[in-house]
Every structure is written in structure tokens, then in C-alpha cells.
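Participant: One structure, pasted below without further comment.
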């Protein structure tokens, strides 16, 4: 069993209004040393695969087909062995 | 300048309907070896701090005060030196 930890983020060139809103909220709390706030998704899933390579392939396909928007988002993931 | 990479996830005991929806979508795409899908938020922010300790303190406070819901969510973060 493998655990895939996937991050999707909006591409750098795309405006991130949610991130901007969080940044403004932080500023209003007094944190004016925080900038460039970007918000993405974190997805954790367990993959029942025979090998790490197979788990990586499954995670890659899941990102491409469903989890990330290939036009607007970048994704990255790491595969960890473990889980029961 | 430091970059904080923050993850917030729903606590294990709390039902994650968004994760369940993603899991069902993956199953309908034929990935029936994927289970325990959990969805969280990924937040990246730049902190202008004099030291790593100060950046950690700022990130910790931002999580507690704004980014994570302390009742329902866990958070973790890592601080990376860099950015311009």
C-alpha cells in the first residue's frame, strides 16, 4: 500500500483571488510582512499497488484525468510507502 | 525572505465528503485501487522575517488565527529559505 500526497497550485501567471483575500485578511490582522499568498489543493490518497512505479503511474494519471486542471494548474506529488 | 508551505487537513475522525466525491469519481474512471481520499488546503506564503525562528512564529500564528479551523482541522508547515 502506498500513500500519494498530491499538491495542485494555480500557475504563477494566473491571478489567485482566494490567495489575495487571505493575504488581505492577514494584513488586517497586522501581518504586513506576508506577501505572495497562493492557495492550492492538497489531496492524499491510498493506492493499492504492487510497486512504487505502479503507484506513481496511478497518481500521475489521476492528476491528469481528474485532480488538476491542466490549463490552469500545476501539480506535484510524492509517493510514500506505508499505510495498512 | 522565507517561504512557508502550509497544509491543512480535516481531522481523521471527521467525514470528508469532498474526498469521498473525488474517490467515487476515480472509481468511475476505473481506479478501484484508490481509497481513503482526503482533501485539504495548500497555502504558500512569503514571509519577510529576520530569522527562521521569526518566520516559523509568524506561520504558526497565521495558521492558528486564520488559516486552519482549530476544531476541525490539523495543520503542518515547513519553512524554506529563499525567494527574492
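Values quoted throughout were computed directly from the atomic coordinates according to the rules given, and no laboratory measurement underlies them. These figures come from a predicted structure and were not determined experimentally. All Cβ positions, even for glycine, are placed from backbone atoms using ideal geometry, and neighbour counts span all protein chains on display.
Participant: Using alpha-carbon positions, what is the distance between the centroids of the range B:1-39 and the range A:1-50, in Å?
Facilitator: 14 Å
Participant: Something else: For chain A, report the translational diffusion coefficient in µm²/s to the nearest whole number, using Stokes-Einstein at 37 °C, 0.692 mPa s, and a Kirkwood Rh over Cα pairs.
Facilitator: 227 µm²/s
Participant: Once you average over the residues of A:29-35, how many Cβ atoms of partner chains fall within 10 Å of each Cβ?
Facilitator: On the way: counts 4, 2, 9, 1, 11, 10, 6.
Taking the mean over all residues of the peptide, I get 6.
Participant: So, one more: Given a 10 angstrom Cα cut-off, can you work out which residue in A:74, A:48, A:32 is the most mobile in a GNM of chain A?
Facilitator: Ranking A:74, A:48, A:32 by mean-square fluctuation puts A:32 first.
Participant: A follow-up question, please. Please determine, in degrees from 0 to 90 and to the nearest 10, the orientation of helix B:17-28 with respect to the longest principal axis defined by the Cα atoms of chain B, where the helix direction is its Cα long axis.
Facilitator: Rounded to the nearest ten degrees, it is 50.
Participant: For every helix of n ≥ 4 consecutive DSSP H residues, a contribution of -39,500 (n - 2.57) applies; sum these over the protein assembly as shown, divide by its total residues, and give [θ] at 222 nm rounded to the nearest 500 deg cm²/dmol. Before the final figure, lay out the partial values.
Facilitator: On the way: 4 runs with 46 residues, N = 168.
So the helix-based figure for the protein assembly as shown works out to -8500 deg cm²/dmol.
Participant: Oh, and also: Distance in nm between label sites at residue B:35 and residue B:76, each 7 Å beyond Cα in the beta-carbon direction?
Facilitator: Each label point is offset 7 Å from its Cα along the Cβ direction, giving 2.2 nm.
Participant: Calculate, axis by axis, the spread of Cα positions in the protein assembly as shown along the three principal axes, and write the results as whole Å, longest axis first.
Facilitator: Each principal axis gives a Cα extent; for the protein assembly as shown these are 48, 35, 25 Å.
Participant: Per-residue mean of other chain beta-carbon atoms within 10 angstrom of the beta-carbon, peptide B:2-14? Don't skip to the end; give the middle numbers.
Facilitator: Details: counts 1, 1, 2, 2, 3, 5, 1, 3, 0, 0, 0, 0, 0.
Rounded to a whole number, the mean comes out at 1.
Participant: Right, another one. Please arrange A:36, B:16 by how many other C-beta atoms lie within 10 Å of their C-beta, fewest to most.
Facilitator: Numbers: A:36 15, B:16 19.
In order of increasing Cβ crowding within 10 Å: A:36, B:16.
Participant: While we're on this one: I'd like the mean, over residues of A:63-71, of how many other protein chain beta carbons sit within 10 Å of each residue's own Cβ.
Facilitator: 2
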